[in-house]
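A quick write-up on the structure given underneath.
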Amino acid sequence: MGVTSGKSFIDRLNQMENEVWFDGERVKGNISEHIAFKGILKAKASLYDLQTNSDLKDEMTFFLPKEKEPFGISYMQPKTKDDLQKRRKMMQNWARNTHGLMGRSPDYMNTVVMSFASSASILNGRDNCFPDHLHALYKRALKQDLSFTHTFITPQVNRSQVYMEFSDEPISAKIVDKNNTGLVIKGARLLATQGGLTDEVLVFSAPRLFIDSSEVFAFSIPSNTKGLKFICRESFVGGESFFNHPLSSQYEEMDSIVVFDNVMVPWDRVFYYENVDAAADFLLQSSFYSFAYHQVITRQIVKTEFILGVTELIVKAINVGEYQHIQEKLSEIIIGLETMKALLEKSENDAVVDAFGIMRPSLMPLQAASTIYPKIYPRFSEIIQLIGASGMILLPTEKAFQSEIRPDLDQYLQSDGMNAEDRVKLFRLAWDLTMSSFGTRQTQYERYFFGDPVKLSGNLYSNYAKDQYVEEVRKFLNQQQSMH
């Protein structure tokens, strides 16, 4: 009970034998030893070890009354601003351990589970809703330090606003039967990052127009539930060499389609079903968005710090810091970083205790930050590419430096500030961050992390309190009119 170690996490996952399909074949044996997953699982295990075997464990864990074992702070329900800052510090520690490149570090979904449970009473007394089951999930996840993936995106069959599915066999996952045991789910959901690499999968429905009530449900089930399978995309692990693939060898998270082949979801695992209004109200009124944004933006700030460090090191390596256009490009990253930091701090400063007794960070600054980042992150990648220029392409491998052509590489690939090997290591890092399949997936991932950037902007506009500013202008105009 309490926080788990990296080894315990890996052992638990290997024993589950989740149905994971990769390159047309079902993964057999220990999933932690598979080339496509071993890097990310080792990195993930290192995060759990920070809770148990490091100098940081006091910043990573907390105690509950009458409990002897510590629990992960990512599961803490904050009651004060100090609690909120403790959560942020813990999330920063995990993010810095992976340089902000693990978009689905465990604290993201732990935060989602915490926020769902904190707001469960929204479901009280509503048809087909079971708020007690959310509390049970939270207690189980907290005490066992469970890991989660989640999925809510429907297959991209038709993105028009009026599309309704009329397929003989379900495409989008839906309820096809209900019995004394639970719900039977058939169909698919998309883009479970780290799908099959976690203890459980949390499934819920995102509100949208013209949704079929049979597609409305929320539940969490073990990843090895019968009939549940995860179909992976191509791996972006370039290889196991840290020299050649410093990022993809460690942080390639894998994304998967989640297929439900008549999966039985026991009633005690169901949070709500076939209640469109309850599903919409729960996501919009709960603390989900506030806490999810809080975790994500904390990670994105750490990631931007890493990007700034990489870019400045390139500038120093090839001695181009005196040029004003280079300084201007670096200042773009600095401005983005400081803007994100300020918005995160404002969200904590303006936090208030919500109706459920939870200290909830202010949503509006977080929404602003989440609308900015999809625009500035691709630009950060472009800046690295522009400053690195041809150096981003001429990148010999580790094996080349171990061969008889090493003297040529040492002579012709050195820079003013670095020897050839260190320079190539740096530029391979920049390439893996921005130009490899791993790097371009990172850009696309940040572009669409919270959905369509245009819709994010629209939501920001719709929800922002503008009336007071409009009223000030009206007063001014009326004042001028009365003077004449």
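The values are calculated or read from the model by the stated rules, or taken from the named source; none is laboratory data. Just so it is clear, the structure is predicted and the values come from calculations on it, not from any experiment. Note that each Cβ is placed from the backbone with ideal geometry, even for glycine, and that neighbours are counted across all protein chains shown. Note: areas computed on protein heavy atoms with side chains; ligands, DNA, RNA excluded. Shrake-Rupley method; radii C 1.70, N 1.55, O 1.52, S 1.80 Å.
Among the residues of segment 452-473, those that are under 30 Å from Met102 (Cβ atoms) and either assigned to a helix (DSSP H, G or I) or in contact with a Ser or Thr (Cβ under 8 Å, 6 or more places away or on another chain) (or both) comprise Pro453, Val454, Lys455, Leu456, Ser457, Gly458, Asn459, Leu460, Asn463. Filtered by the rule that a residue be under 30 Å from Val184 (Cβ atoms) and either assigned to a strand (DSSP E or B) or of a type outside the set (Val, Ile, Thr) (or both), segment 224-237 gives Asn224, Lys226, Gly227, Leu228, Lys229, Phe230, Ile231, Cys232, Arg233.
Flag: Tyr373 matches the condition of being within 24 Å of Gln92 (Cβ to Cβ) and either surrounded by fewer than 16 Cβ atoms within 10 Å (Cβ to Cβ) or not aliphatic (A, V, I, L, M) (or both). The residues listed here are Ile383, Ile405; of these, the one that is among the β-branched types (Val, Ile, Thr) and in contact with a helix residue (DSSP H, G or I) (Cβ under 9 Å, 6 or more places away or on another chain) is Ile383. Checking each residue in segment 419-435 for being polar (S, T, N, Q) and either under 19 Å from Gln367 (Cβ atoms) or assigned to a helix (DSSP H, G or I) (or both) picks out only Thr434. For segment 349-370, the candidate set comprises residues that are in a loop (DSSP other than H, G, I, E, B) and in contact with a Phe, Trp or Tyr (Cβ under 9 Å, 6 or more places away or on another chain); within that set, the residue that is surrounded by the fewest Cβ atoms within 10 Å (Cβ to Cβ) is Ile358.
In the set Ser370, Ser381, Ser362, which member is of a type in the set (Ser, Thr, Tyr), touching a strand residue (DSSP E or B) at 6+ places or on another chain (Cβ under 9 Å) and in contact (Cβ under 8 Å) with a residue 60 or more places away in the chain?
Ser362
What tally of residues in segment 436-462 results from selecting those that are open to solvent by less than 30 Å² (accessible area, probe 1.4 Å) and of a type in the set (S, T, N, Q)? Matching residues across segment 436-462 total 3.
Checked against the criterion of being open to solvent by less than 30 Å² (accessible area, probe 1.4 Å), within 19 Å of Thr98 (Cα to Cα) and touching a helix residue (DSSP H, G or I) at 6+ places or on another chain (Cβ under 6 Å), the candidates Ala36, Ala45 yield just one match: Ala45.
Scanning segment 71-106 for residues that are of a type in the set (Phe, Trp, Tyr) and in contact with an Asp or Glu (Cβ under 7 Å, 6 or more places away or on another chain) turns up just one, Trp94.
The single condition among (1) aromatic (Phe, Trp, Tyr); (2) in contact (Cβ under 8 Å) with a residue 24 or more places away in the chain; (3) more than 24 Å from Ser118 (Cβ to Cβ) that Trp267 does not satisfy is (3). Criterion applied to Phe476, Phe438, Phe449 was being modelled with pLDDT under 95 and in a helix (DSSP H, G or I), and the one residue passing it is Phe476.
The set of residues in segment 48-63 being open to solvent by less than 40 Å² (accessible area, probe 1.4 Å), farther than 14 Å from Gln92 by Cα and of a type in the set (A, V, I, L, M, F, W, C) consists of Phe62 alone. Pro70 meets all of the listed conditions (1) over 23 Å from Thr151 (Cβ atoms); (2) open to solvent by 40 Å² or more (accessible area, probe 1.4 Å); (3) not aliphatic (A, V, I, L, M) but one, namely (2).
Could we say that Asn128 is touching a Phe, Trp or Tyr at 6+ places or on another chain (Cβ under 6 Å) and not aliphatic (A, V, I, L, M) here? Answer is yes for this residue.
Can you name the helices (runs of 4 or more DSSP H) wholly within segment 238-340 that have at least 2 residues being surrounded by fewer than 19 Cβ atoms within 10 Å (Cβ to Cβ)?
276-285, 288-317
If a residue has to be hydrophobic (A, V, I, L, M, F, W, C) and surrounded by 12 or more Cβ atoms within 10 Å (Cβ to Cβ) to count, how many in segment 390-412 make the cut? Summing the residues that are hydrophobic (A, V, I, L, M, F, W, C) and surrounded by 12 or more Cβ atoms within 10 Å (Cβ to Cβ) in segment 390-412 gives 5. If you filter segment 413-432 down to residues that are within 15 Å of Lys399 (Cβ to Cβ) and in contact (Cβ under 8 Å) with a residue 24 or more places away in the chain, you find that the one that is least open to solvent (accessible area, probe 1.4 Å) is Val424. Looking at segment 174-232, which of its residues are open to solvent by 10 Å² or more (accessible area, probe 1.4 Å), more than 25 Å from the chain's Cα centre (by Cα) and at pLDDT 95 or above? Listed by number, the residues that qualify are Ile175, Val176, Asp177, Lys178, Asn179, Asn180, Thr181, Val184, Lys186, Lys226, Gly227.
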